[in-house]
């Protein structure tokens, strides 16, 4: 099991985060950083074709609706799913594949700003 809390160092513009366990079962956990509105969900499952690991981070803020000026909670999230077949890939292979995904998103040819701007 991961440590509780999970401490994440500040990396501007994001603040330091401390994710405390709020729910856990044999399939995963849910953690929250109450001070900053962040939450993390981590799940695992095993199927006929292999294992699947899922990670989601979300942030909730109180935002003003531009149409009626009412304030309501709004959430944005980013999720990553890692699927590992029953054979052929080691844990190191998956770590390297994940790093390749991060590197691709961070590259000047792709970039997260271009991806969220609907470029593909």
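The values are calculated or read from the model by the stated rules, or taken from the named source; none is laboratory data. None of the values given here were measured: they were computed from a predicted structure. For neighbour counting, all protein chains shown are included, and Cβ atoms are generated from backbone atoms with ideal geometry for every residue, glycine included.
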For region 66-120, give me the residue count where each residue is part of a helix (DSSP H, G or I) and surrounded by fewer than 10 Cβ atoms within 10 Å (Cβ to Cβ).
3
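Could you please give the count of residues in region 36-65 that are part of a loop (DSSP other than H, G, I, E, B) and either at pLDDT 95 or above or in contact with a strand residue (DSSP E or B) (Cβ under 9 Å, 6 or more places away or on another chain) (or both)? Steps first, please.
Looking only at region 36-65, we keep the residues that are part of a loop (DSSP other than H, G, I, E, B), and these are 36-37, 48-49, 65.
Subsequent filtering for residues that are either at pLDDT 95 or above or in contact with a strand residue (DSSP E or B) (Cβ under 9 Å, 6 or more places away or on another chain) (or both) retains 36-37, 49, 65.
Final tally of qualifying residues: 4.
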Single residue of region 76-96 satisfying the filter (without any contact (Cβ under 8 Å) to a residue 12 or more places away in the chain and touching a strand residue (DSSP E or B) at 6+ places or on another chain (Cβ under 9 Å)) that is nearest to residue 30 (Cα to Cα):
91
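Return the residue satisfying two criteria in turn: it lies in region 1-35 and is assigned to a loop (DSSP other than H, G, I, E, B) and in contact with a strand residue (DSSP E or B) (Cβ under 6 Å, 6 or more places away or on another chain), and of such residues it is surrounded by the most Cβ atoms within 10 Å (Cβ to Cβ). Outline the logic, then answer.
Narrowing region 1-35 to residues assigned to a loop (DSSP other than H, G, I, E, B): 1-5, 9-10, 12-13, 15-16, 26-27, 34-35.
Checking the rest, the ones that are also in contact with a strand residue (DSSP E or B) (Cβ under 6 Å, 6 or more places away or on another chain) come to 4-5, 27.
Working: 4: 12, 5: 14, 27: 11.
If we take residues in region 1-35 being assigned to a loop (DSSP other than H, G, I, E, B) and in contact with a strand residue (DSSP E or B) (Cβ under 6 Å, 6 or more places away or on another chain), then 5 is surrounded by the most Cβ atoms within 10 Å (Cβ to Cβ).
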